[in-house]
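One structure is given here, and the rest of the page talks about it.
Values quoted throughout were computed directly from the atomic coordinates according to the rules given, and no laboratory measurement underlies them. Computed from a predicted model, the values in this text were never measured in an experiment. Backbone-built Cβ (ideal geometry, glycine too); neighbour counts: all protein chains shown.
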Amino acid sequence: MKTQTTLDILRTKSLAQLKADYVRDMTKRDLLVLANNGSEQIYDIPVCTYRRDGQIASQSETVRDVETGVIIATKTIAWTYYKTGEVDTITIAETNADGKETGRKAIKHYTDGRQPEMKNA
């Protein structure tokens, strides 16, 4: 005899029963978080800028509240390059909703075979 899983039990219920049992007491925010795979944050499509040679110069990412759409954080990533075209440093700056910087780190790359190093900038 097969043991019934939670999903098996849910499948036997009608839509009205499911709504009454599971979403009746949920707020709008609860439903939006549920629809957003459990996350209270949504991410805008990143905005990228490129150098004349086609290499990426920067990328800006915006994080918004799932319910209000208000910006809660931003992340800006900037690349610098050696004359050879290889990545020199990637700098990542994060800000809060007020535009105050909350973190900055730099990833320094080397051309001599050493592994990149991350430093708080």
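Proximity of backbone amide H atoms, modeled 1.01 Å from N, is registered between residue 97 and no other residue at under 5 Å, excluding neighbours fewer than 5 places apart on the same chain.
Computing Kirkwood radius over Cα pairs in Å for the structure here picks out one of (1) 14.1; (2) 14.8; (3) 18.5, namely (3). For the stretch 58-69, putting each phi into the Karplus relation 6.51 cos²θ - 1.76 cosθ + 1.60 with θ = phi - 60° gives couplings of 7, 9, 10, 10, 10, 10, 10, 6, 4, 8, 9, x Hz, in residue order, rounded to whole numbers and with x for Gly and Pro.
Averaging Cα coordinates gives a centre for the stretch 28-81 and one for the stretch 93-121; these two points are 18 Å apart. Counting only residues at least eight positions apart within a chain, or on another chain, the lysines with an alpha carbon under 28 Å from that of residue 108 are 75, 83, 100, 119. Per-residue extension of 0.36 nm, minus the Cα-Cα distance of residue 41 and residue 5, leaves a gain of 9.9 nm for this segment. Using a simple spin-label model with pseudo-atoms 7 Å out from Cα toward Cβ, residue 51 and residue 115 lie 2.6 nm apart.
Rounded to the nearest 20 debye, the dipole size of the chain about its Cα centre is 200 debye, using +1 on the Cβ of Lys and Arg and -1 on the Cβ of Asp and Glu. The modelled label-to-label distance for the pair residue 78/residue 30, using points 7 Å beyond Cα in the direction of Cβ, is 4.5 nm. Each of 82, 69, 31 was scored by the projection of its Cα onto the charge dipole of the stretch 10-88, and the greatest displacement toward the positive side belongs to 31; charges sit on the C-beta of Lys, Arg, Asp and Glu.
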